[in-house]
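Single-structure report; data block below.
The numbers here are math on the coordinates, done by the rules we state, and not lab data. What you see is a predicted model, and the numbers here were worked out from it, not measured in a lab. For neighbour counting, all protein chains shown are included, and Cβ atoms are generated from backbone atoms with ideal geometry for every residue, glycine included.
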Amino acid sequence: MDLELVSEVLANEPSYRRTQVWEWAARGVGSYAEMTNLPVRARALLEERAPFSTLVPEHEAHAADGTVKVLFRTLDGHPVEAVLMRYRDGRRSVCLSSQSGCPLTCTFCATGAMRFRRNLTAWEMVDQALHFRRLEPIDHSVFMGMGEPMLNLEAVLTAARRLPDLGVTHRRTTISTVGWLPGLTRFVDEVAEPIRLALSLHAPADALRSELMPVNDRFPLDEVLAECRRYVELRGRKVFVEYVMLAGVNDSPEHAAQLAALLDRRSFKVNLIPYNPTGAYDGSGRESIAAFKAVLDEARLPATVRLTRGRDIAAACGQLAATA
């Protein structure tokens, strides 16, 4: 829902009409017709001139674990995917995309193999969350879908600041980055809200990380980690480190020891991610992941193994590629 367009359409109505429209949308209604405290003429104008959503659902897939993936099209035809993850403890988390495609070409990520189209607007991100809010209440969000959020930071923050109205507090919102330094520096300096930061690391040294993630040639590890440490000092919150486990590539006990030496346990928490097949690599086995985590545990570096959701519908981490 593009509230700027709503404001234009309702320019001759009292200014509080925009607030009423947003309040209804955030509650999860599915049409202007349901906004019963708006005059009939206002609803008719909105129906005619302001699309209820900036996105058109094209395909919906349901996983055995309850995960839902939706392929949308923007109004100018670009593909976008978003995911609703349902957990047994009752959490309902939405994984949101910030771009259609991604220009950064990480080798293990299906989105990186897509053609990059464009940045999404804030309202296109909000509409991903609103789509799932119309299905059921949501309480967590992660900007970890298609795209690099720090390349579109202004719109990402605008969207994130709308999510509390949908039931997702700032403390339950996480923005992920591969380490795009201009955006990361802005995030550290300017974002006072307790929005969480996650770093896609995936290797404990520059040479290997550059093989997996070309962005590392431009912004090497020492510079990126320095910004992350500055975030911890300024904001008093740990940085989540995402580390995808690739068999024979980055999953040895030696890699784990390097990682433990690289990260301060008071500043970072590691999330080990079983690789979700995209055709580029083989995923590490359970024994390799357990051995890797044991090294981190011995070093007292906080680490967990991510619970994979939606793998059977290509909705898991690294699998979003705008396919049905």
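Sort 289, 195 by Cβ crowding within 10 Å, fewest neighbours at the top.
Sorted ascending by nearby Cβ count, the order is 289, 195.
Using the count of nearby Cβ atoms within 10 Å as a rough guide to exposure, how do 262, 153 rank from fewest to most? Can you show the working numbers first?
Numbers: 262 17, 153 22.
Ranking 262, 153 by Cβ neighbours within 10 Å, fewest first, gives 262, 153.
I need the semi-axes of the equivalent ellipsoid of the stretch 1-52: take the C-alpha gyration tensor, multiply each eigenvalue by 5, square-root it, list largest first in whole angstrom.
Details: eigenvalues 40, 25, 24 Å².
Result for the stretch 1-52: semi-axes of 14, 11, 11 Å.
Quick one: of the DSSP bridges fully inside the chain, what percent are antiparallel, nearest 5?
Of those bridges, close to 45 percent are antiparallel.
Using a ≥ b ≥ c from the Cα gyration tensor of the stretch 37-133 (square roots of the eigenvalues), is it rounded, prolate or oblate, where a/c under 1.5 gives rounded and otherwise the larger of a/b and b/c decides, a/b for prolate?
Here the stretch 37-133 falls in the oblate category.
Order the peptides 34-44, 219-229 from the highest to the lowest mean number of other Cβ atoms within 10 Å of their residues.
219-229, 34-44
Cross-link candidates for residue 269: which lysines have Cα within less than 24 Å, leaving aside residues fewer than 8 places away along the same chain?
Straight-distance partners of residue 269: 238, 293.
R0 = 51 Å: FRET efficiency of residue 257 with residue 136, Cβ-based, nearest 0.05?
For residue 257 and residue 136, the calculated efficiency is 0.70.
Given N residues in the chain, what is its alpha carbon radius of gyration divided by 2.2 N^0.38 Å?
Details: Rg = 20.4 Å, N = 324, 2.2 N^0.38 = 19.8 Å.
For the chain, the normalised Cα radius of gyration comes out at 1.03.
Residue 222 to residue 89: FRET efficiency via 1/(1 + (r/R0)^6), r the Cβ-Cβ distance, R0 25 Å, to the nearest 0.05?
Efficiency for this residue pair is about 0.10.
Looking at the stretch 93-146, which trypsin sites (Lys or Arg not before Pro) are in a loop (DSSP not H, G, I, E or B) and have at most 11 other Cβ atoms within 10 Å? Can you show the working numbers first?
Numbers: sites: 115, 117, 118, 133, 134; in loops: 115, 117, 134.
Sites meeting the loop and neighbour criteria: 115.
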